[in-house]
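As structure tokens, the structure follows; a few thoughts come after it.
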2 protein chains.
Amino acid sequence: MTTSTPARRLGTTDSQSRTRLLDAAERLLVEEGYAAVTSRRVAAEAGLKPQLVHYYFRTMDDLFAETFRRRAEANLERFERAVAADGSLHTLWRLSTDARGAVFTTEFVALANHRKAIRAEIARYAERFRTVQLAALAAAMDARGVSEHMPPEVAQLLMTGLGQIMALEGALGVTTGHDAAVAYVDAAIARLEGDG
Amino acid sequence: MTTSTPARRLGTTDSQSRTRLLDAAERLLVEEGYAAVTSRRVAAEAGLKPQLVHYYFRTMDDLFAETFRRRAEANLERFERAVAADGSLHTLWRLSTDARGAVFTTEFVALANHRKAIRAEIARYAERFRTVQLAALAAAMDARGVSEHMPPEVAQLLMTGLGQIMALEGALGVTTGHDAAVAYVDAAIARLEGDG
DNA sequence: GTCTATACTTCGATAGAC
DNA sequence: GTCTATCGAAGTATAGAC
């Protein structure tokens, strides 16, 4: 059984060139923004011919979607592994302040704004991530008996929002209050983790 | 006295065409993302010829910078006017949850990531806004005597981060916990504003 | 299965006409 | 002071050679 719409052939998923193109796309995206991710630049970054982008990924939208999917999946696995090893509030907070992850997220949200094909993909992942994150946070908060003071969903948004904005501002070189915020959260967590 | 580098002539700042181009650029930016802001599309949106973009703004970077500057200035004025009329915590919180403002910010932060010329402009404005916002927040918190429980700079980041992430997620259709977060913050503020 | 030759479109920018 | 004619570079994508 073949594809229903035979349009044009595509390269295999396990090809080395394909992986290099994905790596190149991700690098460009994070370092120079989504507008820098063009077929020509991606190919140059990967040391390949521009046309190969269209051989392995029919359209640029497909390349974007696949780049996102691959990183999103890796992030989710990394999160779950880290939490499985140590589900403390401290770990959850540390995972919220990863700068590279925040840049990646911002870039894709901006991208979703003008590439409707990517939008659904990103929204689906966002929901998924939020679900596992909320479960982990709720568990950690319940263990400390603080879920009554603040609903875990609210704590989740505060924590994620804080991490996101510090990463965003950090990329701009604006860091007013960042140290104070980190110190404040660290102290609050230490207090909670302390009186078990 | 003329310009030191006479490169090429530019249209006047008060031209109507110029204003229409800026309006068009801003509309495209917010509605379709920065990659949609091309000389041709901006001109079409404004009902003008593409070359006029380069007449009124030498380069696309100049157009972006001017679009940002104009909106940033307006935002700052709007903020200061609102706070002057009512500097309550409620007002400050409401101003942090403006969706259109957040989309604008996100788009420009992503843009700054790959247009170094814009970056400095954005960073400068970010600092400026944060300064007046912090002053207003510190005043409001001092008036309620809550600055001891949480440094205003920390409250500022939490508030801004929460507003930002809700706007970001809202644009994607992800709204888990948003209502709960708004209710939580509203209740907290009501409690504080209540016992004057 | 892998890649190249090539078509067609849109981009930013400048020089010069009105 | 305002706008048009036009260029060269870069963009996505396809058909077909190896």
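The values are calculated or read from the model by the stated rules, or taken from the named source; none is laboratory data. These numbers were taken from a predicted model, which means no experiment stands behind them. Positions of Cβ are generated from backbone atoms using ideal geometry, with glycine treated the same way; all protein chains shown enter the neighbour counts.
Looking across segment A:26-44, the residues that are within 17 Å of the chain's Cα centre (by Cα) and aliphatic (A, V, I, L, M) come down to A:Leu28, A:Leu29, A:Val30.
On the basis of being more than 10 Å from DNA strand D (Cβ to nearest atom), farther than 25 Å from A:Val109 by Cβ and assigned to a helix (DSSP H, G or I), does A:Thr12 make the cut? The answer is no for A:Thr12.
Is it the case, given these coordinates, that B:Asp23 is assigned to a helix (DSSP H, G or I), surrounded by fewer than 17 Cβ atoms within 10 Å (Cβ to Cβ), within 11 Å of DNA strand C (Cβ to nearest atom) and under 20 Å from the mean Cα position of the chain (by Cα)?
Values: assigned to a helix (DSSP H, G or I): yes; surrounded by fewer than 17 Cβ atoms within 10 Å (Cβ to Cβ): yes; within 11 Å of DNA strand C (Cβ to nearest atom): no; under 20 Å from the mean Cα position of the chain (by Cα): yes.
No: the conditions fail for B:Asp23.
Scanning segment A:60-91 for residues that are in contact (Cβ under 8 Å) with a residue 60 or more places away in the chain and outside any loop (DSSP other than H, G, I, E, B), we see that the one that is surrounded by the fewest Cβ atoms within 10 Å (Cβ to Cβ) is A:His90.
Would a scan of segment B:32-50 turn up a residue that is within 12 Å of B:Phe104 (Cβ to Cβ), more than 9 Å from DNA strand D (Cβ to nearest atom), at pLDDT below 95 and within 14 Å of chain A (Cβ to nearest Cβ)? Looking through segment B:32-50, at least one residue is within 12 Å of B:Phe104 (Cβ to Cβ), more than 9 Å from DNA strand D (Cβ to nearest atom), at pLDDT below 95 and within 14 Å of chain A (Cβ to nearest Cβ). Checking each residue in segment B:33-52 for being surrounded by fewer than 17 Cβ atoms within 10 Å (Cβ to Cβ), under 25 Å from B:Leu172 (Cα atoms) and more than 9 Å from DNA strand C (Cβ to nearest atom) picks out no residue at all. All conditions but one from (1) away from chain A (no Cβ under 14 Å); (2) more than 9 Å from DNA strand C (Cβ to nearest atom) apply to B:Tyr55; the one that does not is (2).
Counted as qualifying within segment B:92-196 are the helices (runs of 4 or more DSSP H) with 3 or more residues that are more than 10 Å from chain A (Cβ to nearest Cβ), namely B:99-112, B:116-144, B:178-194. Close Cβ contacts (under 7 Å, 6 or more residues apart or on different chains) running from residues in segment B:39-59 that are in contact (Cβ under 8 Å) with a residue 60 or more places away in the chain and in a helix (DSSP H, G or I) to residues that are of a type in the set (Asp, Glu) and more than 11 Å from DNA strand D (Cβ to nearest atom) are absent.
Checking segment B:127-150 against the condition returns no match, with no residue being crowded, with 16+ Cβ neighbours inside 10 Å and acidic (Asp, Glu).
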